[in-house]
Each structure stands twice: as C-alpha cells, then as structure tokens.
Amino acid sequence: MRYAATIHSSNSDLLALINDILDLSKVEAGQMDVQFAPAAVDSILEALRQSFAPVAGNKGLEFATEHGENVPQYFVTDSQRLLQVLRNLLSNAFKFTERGRVTVAVERAGDNALRFEVRDTGIGIAR
C-alpha cells in the first residue's frame, strides 16, 4: 500500500509539473486565471508534508512544518497557485540542502495577511 501511495503521489506531482508548464504559457500569453476560495492552513501544510516527506527521508533530512500562533484556520487564496509556489521553493531547498533541515512555516503578517516561509540549512545564495 505504501508503494502504491508513493506512486500515486509521484504521478500527482508529475501532473502538477505539467500544469505548471501550461501555467507558464498562460502567464506569457496574459491568460492566467486566479481562483480565490477558502483554504485550510492545515490542509496546505499536510499536502506539502505528503509531497516532501519521502524526499526528506531519502536525503536523510529533517522536514518540518510550522503553524504560527494566531494564524486563522481558514484563509482565502488560490490554493493551487500557492501550492505551486511553495512546492517550487521546497524543491529548491531540498535540492541544495545536503544535511540538516528544511522548514515551511506560516505566520500571521498583519491583520489581513499570512506569510509563508521556506527555510533550509543548505548552501544558500551568494551575496
């Protein structure tokens, strides 16, 4: 069952990658549609955990998600686009982190905003 779940997850990730490529074409053509709807913070973090826990395990890295205080349970966003951005940032974090930890965190950023952060112990970006 675990292997089947991993295969399903990999297929879903591949489909997401294909959709990302199609979205780039839409952006270039000025045809990007944004679909705002309520989304659960915990669902976003769980989707990221499911996608990247196997990557972390394979590389021997710790992967953590952090849910800050006073973060609402639900917020309005285009969850597909948000996940697209966060997956891209996490992919890069895992790609350039040899040991240590990768963290995705959500914090409140003012009255009507949330801030998502991806932190890692990788090589970083040269100044």
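Structural remarks
- Annotation: Cα Rg of the chain relative to the compact-globule expectation 2.2 N^0.38 Å equals 1.12.
- On the beta carbon distance between residue 67 and residue 88, with R0 = 25 Å, the FRET formula returns roughly 0.75.
- Contact order, relative form, for the range 34-120: 34 percent (alpha carbon pairs under 8 Å, 6 or more residues apart, mean separation divided by residue count).
Where a number appears in this text, it was derived from the coordinates with a stated rule and is not lab data. Quick caveat: nothing in here was measured; it's all calculated off a predicted structure. FYI the Cβ positions are ideal-geometry reconstructions off the backbone, even for glycines, and counts take in every protein chain you see.
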